[in-house]
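*Asks:* Once you've had a glance at the structure underneath, I'll fire off some questions.
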C-alpha cells in the first residue's frame, strides 16, 4: 500500500527508509527487514504531536503488515494495529489526509488478522476502517481511487469469511469506481484492474454468474497488460492464472488450464527465491499442476505438483503462523491422497493424514479455507479407514463440519455434499446401514441440483448419485429404481469430458445398473450394453490401473458365467496384462505386495480359462506374466542388461543406475508411521524419488523398444522362451483356481495337462490352513504334539491323494526309488495356497513295512516361476566346489530370543569338517558384516532364528545380533560366485498360506543374491532336528574319499536322502523331516 507524495515531508533519513520500504513492498525481503528496523527507529524517535510522526507510523506499520504476509508472526500485526489506533486517537481533526492513510493501513492490518484467525468481527472493523478512509478523502483527491481499491479488497476479504454476496457486489461496484477515477497515468492503474478482476471472479464463485467470471478474466488480462516493470509482476500473472483455473473448472477446456499453468510458471519466474510472493506463487502453480493431473491422469503432472508443494513448505520454514503454512501443508496432503488413489502407495496416504492434522491445527475455526481443508481431510480418512465401519464417524466428521461452515450459496457446497454422499455409499456397502444410503441419495441429489451445466465436476457428482441409485435398486429389486440408475449414470457420462480419469468408474456403475436391470427384465440388450461398458472401462488408459483391472475381471467373470469361455479368457488376459502396471516399480515393496495380494487369483483364473479353451501354452504364459512380479522386476533387469548393453550401451548403463537407485531407496518406516517419520521441512520423500526414478525407467524402456532387436525388452516371455525349462526333468505347475485345478507339466517332450478333478481351491486353502495351525500347535505345547502330528499326517495323505499322486502317475513315475540311490528329478512350481504345501513330502502314513509318497519316488526341487529357474540355469554352473571354505553365520544366542544350542552344534561340526572357514558368530554376526562377507564366499551356512516379518508382506528375515537381516537386504547383496546357501532356520521359504505366493522369501532372496543352490525350510523347525539333518546333508556333499570338494550338483539328492533318514527315525513326527526343501537348477 502506498500513497502519492507520502514522503515529501520526510527528512533524508526517512527518505532512505522509504526507499527500503518500497523495495520491500515490491518483493525484496532483505530490504523489507531493514525497512522494518529503520521505521521502528524513526517511529520511536518522532514524538506524538510531531507532524512527521503519522507518516512514519504508517510506513512502519506497512512494513510490519508486509512482514507478516511474508514471514508470519501475528505479533507484527498486533503491534501495527496498536500503533495505528494510538496515532488516530491523537491526530488533529484537520489532518484528514493522514487520518485516511492511517485508517486505510489499519484496515489492512485488521483484515490480515481477520483472515488468519477467521475472525468476522475483525473483518467488520477492517471494512469500517477503510470506509472511514474513503469518507475522510475528498473525491477529487488523487488518493481517493486508492482508498476505493482498498475498500473493495476489504469487502471481498470479508465475503470470504461471511459468504455475503452483497459484500461481493459492492466490492465490484467500488472497484469499478476506482477504475473510473483513474487512468493509465495512475501508478496503481494495473492494481485497480486486478482488484476488480479478483472481486468479479469471487462473485462468480459465490453466485455461479458466468458473466462475472468472464469479466474477471478480462480484467486480469487488462491488469497484466497495464503492469509496469517496477510493479510485482508475479501478482498479476498469478491472479490471471487463478482466474483461468476457475474458468477451467466451469468449462473443462484443457487449453484454458494450460494457459493457467503457463501464467503460474511465469509468475514464479518473477518471484525468485527470497521474493515475498514466492510461497503464494508456488502454491498456485502446484494447485494448477494437480488440476492438470486430475484432467489427464498423467502421473508426471502430479509428481511435479507434489514437488512444488514441498518447495512451498520449505519457503515458509515451518512457521505455523505464516499465512501460507497451513495452505501448503493441506495442499501437499491433498496431492498425496491423489497419488495414493492413482498408484496405491500407502506411504503417501499415511503422510497425507499427518499433513492434514498439522495443517488443520494451524487453520483457525473461522478461517475461510477451513471448510475445504476439512473436506479434503475426509477424503484421506476415507481411503485409510473405509474398510472399518467403526471409523465411519471419523471419516465423515470433517466434511460434515465443512458443510455446516458454509452457506447454501457457497461455490464448494456441492463438492462437500457429493463427497459426504460418496462416503455414505461406501458405509452402506460395508455395513448395510440403510439410513446411510437414504442420506446419500438426498445429498447427491442436492449436490447435482446446485452444480451448473458444464461445470468440470458435474459429471462426477452425477456419477456419485448414480451409484447411490444403483445401490438402492439392488436393495429394492425394483425395475423403476434400476431405470432411474441407468438414466442418471448415462447422464453422468454425457456430462464428463473425454478423456477423463473418472469415466471408468462411472462406466462400471453403469454396467452394474444395466446388469441388474437385465436380471430383473431379461432384456438381452441391457446385458450387451453392460459388457460393452465394462470393456470401455478396461480399455480406458486414463483410469487408475486397479480400476481397469476390476472392470476387466468383472467382464471376464460375467462372460464365463454365460459360457463364453473365449470372451472370458480375453478379458482375464487383459486383466493379467495390467498386473505389472498396477504393481509399478514406483511403489515401495510393501505397497506392491498389498496390491499383488489383492490380484493374486487373477493369473490362476486366467490360466484355468486358457486350459478350458485347450490352450496350455497360453496358460503357462499367463501364469508367468501375472505371477512372480516382484521377482521378475529384479530378474528382468539382470537378465536383460547384457543383451541391451550390446545394442545400446548408454541406455544399459542408465538402466543399471536407475535400478540400483531404486533398490537402495529406504522402505516405509512401518505400516503405522507416526509424525516423526514426516518431520518438517522435508523437501523430498523417498516416495517422491521412487516415482521419479520409476517414470524415468519407463521412459527409458519405451526408448529401448524402438531399437531394432530390443522390441520385446521387458515384455512377458512367450512359451517358446520357456519350454526348455523342462530339459533336465519335469517342471510341474500346480494351478489352483475357482474354475478348475490342474497341473501343467513342462517336460523334454513338450507341455502336458494333468487334470486334478478331485481338488478345489477351497480344499487347497483348507490344507494350508490346517497345516499352519497344526505346526504352530506342535511347536507351542509338548502335550499337543501327538494330535498335531496326526493332523499333519492325515493332511499329507489328502495332499498325496488329490495332488501329488495323480501328477506322478500321469508322469509315469510310479516306482519307489532306493533311498540311497538317485531318483527321478522333478521341480515343483505351485501357485496360490499350494505354495504353502510340502508337495515333496506328501504321502501315505509311514508304517513298519511300506511307505509310498513323493519322497520315495522323486528328488524334488522348487521354483517360484519358470523364469526364475531359467535364470539360475543361465549362470555358469559348478558341479563340484573345490577347496570349500564356508562362511558360517551362527547365532546360538540372540538378543530377546530363546537360545539355539543346535546352532552351536552345527557350527562345531562345520568347523571340524572345514578347517578353513570364516565364522561370524553372535556379536560378530551383524547385518553389515554378514552381507559383506557373503560376497566373498561361494558357500554360506546360516544357523539362527528365522521368521516372517510381522504386520507386513515381507517374506521373511534372519535374526542377527544387531537386528533382522531381511529378504530384501539379502536379495540386494551381490554374490557373483554363489554356489550353496544352507539356511538352518525357521520358515525361510514360506508363503502367507492365504493364496498369496508373491512374497520374497529368504530362500528366493538368496538365489537372487547369486547362490545357485539353496536349502531352506517351509515351516518353523526344531533346533535339535536341524543338527542331524544338516550333518546328513554334508556327509553326502563333502567328498572325504576322493579329490575333495563340495558336490553341489547332488544338493537336492542329499537333502532327499537326509529327509528319508529323518523320517525313518521319527515316522510319526513329520515336522522333523517334511519342512526342508531345495531350490536350484539341477
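*Asks:* Looking at region 652-676, which of its residues are outside any loop (DSSP other than H, G, I, E, B), closer than 25 Å to residue 686 by Cβ and modelled with pLDDT of 65 or more?
*Replies:* Scanning region 652-676 gives 653, 654, 655, 656, 657, 658, 659, 660, 661, 662, 663, 664.
*Asks:* Within the bounds of region 24-47, is there any residue that is at pLDDT below 80, closer than 26 Å to residue 151 by Cβ and not in a helix (DSSP H, G or I)?
*Replies:* yes
*Asks:* Continuing with the same structure: Looking at residue 539 and the list (1) in contact with a helix residue (DSSP H, G or I) (Cβ under 7 Å, 6 or more places away or on another chain); (2) in the same structural domain as residue 511 (by TED's automatic domain parsing), which single condition is not satisfied?
*Replies:* With respect to (1) in contact with a helix residue (DSSP H, G or I) (Cβ under 7 Å, 6 or more places away or on another chain); (2) in the same structural domain as residue 511 (by TED's automatic domain parsing), residue 539 is out only on (1).
*Asks:* Is one or more of the residues making up region 244-260 part of a helix (DSSP H, G or I), crowded, with 23+ Cβ neighbours inside 10 Å and touching a strand residue (DSSP E or B) at 6+ places or on another chain (Cβ under 9 Å)?
*Replies:* Checked against the condition, which is being part of a helix (DSSP H, G or I), crowded, with 23+ Cβ neighbours inside 10 Å and touching a strand residue (DSSP E or B) at 6+ places or on another chain (Cβ under 9 Å), region 244-260 yields no hits at all.
*Asks:* Looking at region 53-74, is at least one residue more than 25 Å from residue 313 (Cα to Cα), surrounded by fewer than 19 Cβ atoms within 10 Å (Cβ to Cβ) and touching a helix residue (DSSP H, G or I) at 6+ places or on another chain (Cβ under 9 Å)?
*Replies:* No; the residues of region 53-74 include none that is more than 25 Å from residue 313 (Cα to Cα), surrounded by fewer than 19 Cβ atoms within 10 Å (Cβ to Cβ) and touching a helix residue (DSSP H, G or I) at 6+ places or on another chain (Cβ under 9 Å).
*Asks:* Here are some conditions: (1) at pLDDT below 95; (2) in a helix (DSSP H, G or I); (3) surrounded by fewer than 24 Cβ atoms within 10 Å (Cβ to Cβ). Residue 128 meets all but one. Which one does it not meet?
*Replies:* (1)
*Asks:* Of all residues in region 86-112, count the ones that are surrounded by fewer than 22 Cβ atoms within 10 Å (Cβ to Cβ) and either part of a helix (DSSP H, G or I) or under 56 Å from the mean Cα position of the chain (by Cα) (or both).
*Replies:* 7
*Asks:* Take the conditions surrounded by fewer than 21 Cβ atoms within 10 Å (Cβ to Cβ) and modelled with pLDDT of 95 or more and apply them to residue 811. Does it pass?
*Replies:* For residue 811, the condition - surrounded by fewer than 21 Cβ atoms within 10 Å (Cβ to Cβ) and modelled with pLDDT of 95 or more - is met.
*Asks:* Follow-up. Have a look at 605, 540 and point out the one that is closer than 29 Å to residue 468 by Cβ, surrounded by 21 or more Cβ atoms within 10 Å (Cβ to Cβ) and in contact (Cβ under 8 Å) with a residue 12 or more places away in the chain.
*Replies:* The match here is 540.
*Asks:* Confirm whether residue 801 is out of contact with any helix residue (DSSP H, G or I) (no Cβ under 8 Å at 6 or more places or on another chain) and at pLDDT below 90.
*Replies:* no
*Asks:* Quick check: anything in region 437-447 part of a helix (DSSP H, G or I), at pLDDT below 95, crowded, with 20+ Cβ neighbours inside 10 Å and touching a helix residue (DSSP H, G or I) at 6+ places or on another chain (Cβ under 9 Å)?
*Replies:* no
*Asks:* In region 853-948, which helices (runs of 4 or more DSSP H) lie fully inside it and hold 1 or more residues that are under 30 Å from residue 722 (Cα atoms)?
*Replies:* Fully inside region 853-948 and qualifying: 854-857, 866-874.
*Asks:* Taking the criterion of being at pLDDT 95 or above and in a helix (DSSP H, G or I), would at least one residue in region 580-602 satisfy it?
*Replies:* For region 580-602, residues at pLDDT 95 or above and in a helix (DSSP H, G or I): present.
*Asks:* Could you look through region 915-926, keep only residues that are touching a helix residue (DSSP H, G or I) at 6+ places or on another chain (Cβ under 9 Å) and closer than 15 Å to residue 939 by Cα, and pick out the one that is surrounded by the most Cβ atoms within 10 Å (Cβ to Cβ)?
*Replies:* 920
*Asks:* Now a separate question. For the structure I just gave you, tell me whether residue 339 is touching a helix residue (DSSP H, G or I) at 6+ places or on another chain (Cβ under 8 Å), buried (at least 24 other Cβ atoms within 10 Å of the Cβ) and over 21 Å from residue 459 (Cα atoms).
*Replies:* When the stated conditions are applied, residue 339 passes them.
*Asks:* Residues that are modelled with pLDDT of 90 or more and out of contact with any strand residue (DSSP E or B) (no Cβ under 8 Å at 6 or more places or on another chain), at least 3 per element: which helices (runs of 4 or more DSSP H) completely within region 974-1080 meet that?
*Replies:* Counting at least 3 such residues, we get 1023-1037, 1051-1065.
*Asks:* Hey, any hits in region 154-170 for a residue that's part of a helix (DSSP H, G or I), modelled with pLDDT of 95 or more and more than 23 Å from residue 366 (Cα to Cα)?
*Replies:* No, the conditions are met nowhere in region 154-170.
*Asks:* Residue check: is residue 495 crowded, with 20+ Cβ neighbours inside 10 Å and closer than 24 Å to residue 255 by Cβ?
*Replies:* Considered against the rule, which asks whether it is crowded, with 20+ Cβ neighbours inside 10 Å and closer than 24 Å to residue 255 by Cβ, residue 495 comes out as yes.
*Asks:* Okay, next question. If I filter region 842-851 for residues that are at pLDDT 90 or above, touching a helix residue (DSSP H, G or I) at 6+ places or on another chain (Cβ under 9 Å), closer than 17 Å to residue 1018 by Cα and in a helix (DSSP H, G or I), do I get at least one hit?
*Replies:* No: zero hits.
*Asks:* Here's a check for you: in region 814-830, which residue that is touching a strand residue (DSSP E or B) at 6+ places or on another chain (Cβ under 9 Å) and at pLDDT below 95 is nearest to residue 1050 (Cα to Cα)?
*Replies:* 822
The values are calculated or read from the model by the stated rules, or taken from the named source; none is laboratory data. Everything quoted here is computed from the prediction, not taken from an experiment. Here Cβ is always computed from backbone atoms with ideal geometry, including for glycine, and neighbour counts include all displayed protein chains.
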